[in-house]
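Notes for the one structure printed next.
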Amino acid sequence: MPETITKVLVTGGAGYIGSHVVKLLGNRGYQVATLDNLFTGFRDAVKFGEFYQADLLDKDSLRAVIAKEQPAAVIHFAALSVVPDSVARPLVYYRNNVLGTVNLLEVLQEFGVNNFIFSSSASVYGISDKIPVAEDSRLAPINPYGHTKAMMEQVMADLARVTAFKYIALRYFNVAGADPQGELGERKPTATHLVTLATRAAAGRIPRLEVYGTDYPTPDGTCLRDYIHVSDLAEAHLAALEYLLGGGESDVFNVGYGRGYSVLEVVETVRQVTGQDFMVVRTGRRPGDPPALVADVAKSRALLNFPLRHDNLEIIVRTAWEWEQKLSVET
Ligand SMILES: NC(=O)c1ccc[n+]([C@@H]2O[C@H](COP(=O)([O-])OP(=O)(O)OC[C@H]3O[C@@H](n4cnc5c(N)ncnc54)[C@H](O)[C@@H]3O)[C@@H](O)[C@H]2O)c1
């Protein structure tokens, strides 16, 4: 808990991850405000503080929010994040994610707001041949979405070099699970993440689950990914915020658990936890899917040291399943 009340603006706070962070900040005594255009977010997911429906592409409305809130820090989630969509519509992604973030940074510069936490992604690594992959590995995104994240990391590094601006970029691995109190979770109809899709298949909301590629050089032939529970990821943001506000330097951190599960291990866990069988269709590899993507977490453990309360695939799946059942009742 901060000694004096710190005001934090969260962009994209009505979305999946942002809404968990808004809730955590509110519960920990921060004053929080959310800015979101509700493109993929939901107003009722914002559990604390002021809400502003505003768009990153509209600088005047950004100015109005920053002038009113005068935050000590900004946590910036707002982005488009569906990889195949970014391949199909690259200009939409560069405009929203890159231009939108540059707009935000320009307005923050105007108002002297210098503490910034950025949602980056493991997609900046592209197809890494190192497992686990560390922060100093070469960045080689393989789709426009990943490029938008790598570009923004470069923009922030360049800005920090010549101004008082400080940032932490958190490179998330595969975010999954839902609020253990059942208030929040993934709601986007366009979600493409495995745990969400598998629990939707178990709930009968989608007819089948597709597994892309069963001939990878992994123990069971399917891709290995590092799944992190969204509530632990939220704690990473709080730790990053306190690190910056406590005088820490700009930096980049992987956020995962440092362990990989295969697609089939996740499917099996979803079947066990839900008690539901569902159709699994094994199809060919998707272009650009690395066989394994697992975080080297040594740096974030050493410097951010946030609590890992849900580091367990069954807990991840159980919370996602409870959320999915709640959605099935409500819709
Ligand atoms: N979910 C993951 O596994 C994952 C992994 C790596 C990185 N990320 C990054 O984390 C962030 C949050 O992801 P999420 O899964 O919660 O997505 P989400 O779509 O649920 O949340 C994004 C939010 O940003 C808002 N938004 C988008 N463009 C905006 C704009 N121009 N102006 C104002 N608001 C806008 C949306 O309405 C939404 O509420 C994104 O930056 C994403 O790229 C997510």
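Derivation of every value follows stated rules applied to the coordinates shown; laboratory data play no part. Small disclaimer: the values here were computed from a predicted structure and weren't measured. Heads up, the Cβs are rebuilt from the backbone with ideal geometry, glycines too, and the neighbour counts pull from every protein chain shown.
So the values come out like this:
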{"item": "Gain on full stretching of the segment that runs from L38 to L57 - 0.36 nm per residue minus C-alpha separation", "result": "5.5 nm"}
{"item": "Relative contact order [Cα under 8 Å, 6+ residues apart], the stretch 35-109, whole percent", "result": "35"}
{"item": "Gyration tensor (alpha-carbon) shape descriptor, the stretch 69-135, a/c threshold 1.5", "result": "oblate"}
{"item": "Residues H76, H193, sorted so that the one with the fewest Cβ neighbours within 10 Å comes first", "result": "H193, H76"}
{"item": "Cα centroid separation - the stretch 16-83 against the stretch 224-239, whole Å", "result": "19"}
{"item": "Ranked S61, S86, criterion: other C-beta atoms within 10 Å, fewest first", "result": "S61, S86"}
{"item": "Cα gyration tensor shape for the chain, rounded if a/c is under 1.5, else prolate or oblate", "result": "prolate"}
{"item": "Nonlocal amide H pairs with Y52, under 5 Å, H built at 1.01 Å", "result": "T34, L35, D36"}
{"item": "Loop GluC sites (Glu not before Pro), the stretch 164-251, which have at most 16 other Cβ atoms in a 10 Å radius of their Cβ (DSSP)", "result": "E183, E249"}
{"item": "Spacing of the two label points (7 Å from each Cα toward its C-beta) at E268 and K188, in nm", "result": "3.0"}
{"item": "Förster radius 41 Å - calculated FRET efficiency between N27 and R205, Cβ distance, rounded to 0.05", "result": "0.85"}
{"item": "Theoretical FRET efficiency, 1/(1+(r/R0)^6), r = Cβ-Cβ of E314 and I127, R0 22 Å, to 0.05", "result": "0.15"}
{"item": "Calculated [θ] (222 nm, deg cm²/dmol) that DSSP helices of n ≥ 4 give over the chain, each run adding -39,500 (n - 2.57)", "result": "-11500 deg cm²/dmol"}
{"item": "Rounded, prolate or oblate (a/c below 1.5 giving rounded, otherwise prolate when a/b exceeds b/c) for the stretch 129-183 by Cα gyration tensor", "result": "oblate"}
{"item": "FRET efficiency, 1/(1 + (r/R0)^6) with R0 30 Å, evaluated for L91 and F111 via beta carbons", "result": "0.55"}
{"item": "Inter-part distance where the stretch 256-331 and the stretch 150-204 are each reduced to a Cα centre, Å", "result": "14"}
{"item": "The chain - share of DSSP beta bridges that are antiparallel (%, nearest 5)", "result": "5"}
{"item": "Ranking of Y125, Y257, Y94 by count of other Cβ atoms within 10 Å, fewest first", "result": "Y94, Y257, Y125"}
{"item": "Over the chain, relative contact order from alpha-carbon pairs under 8 Å, at least 6 apart, %", "result": "18"}
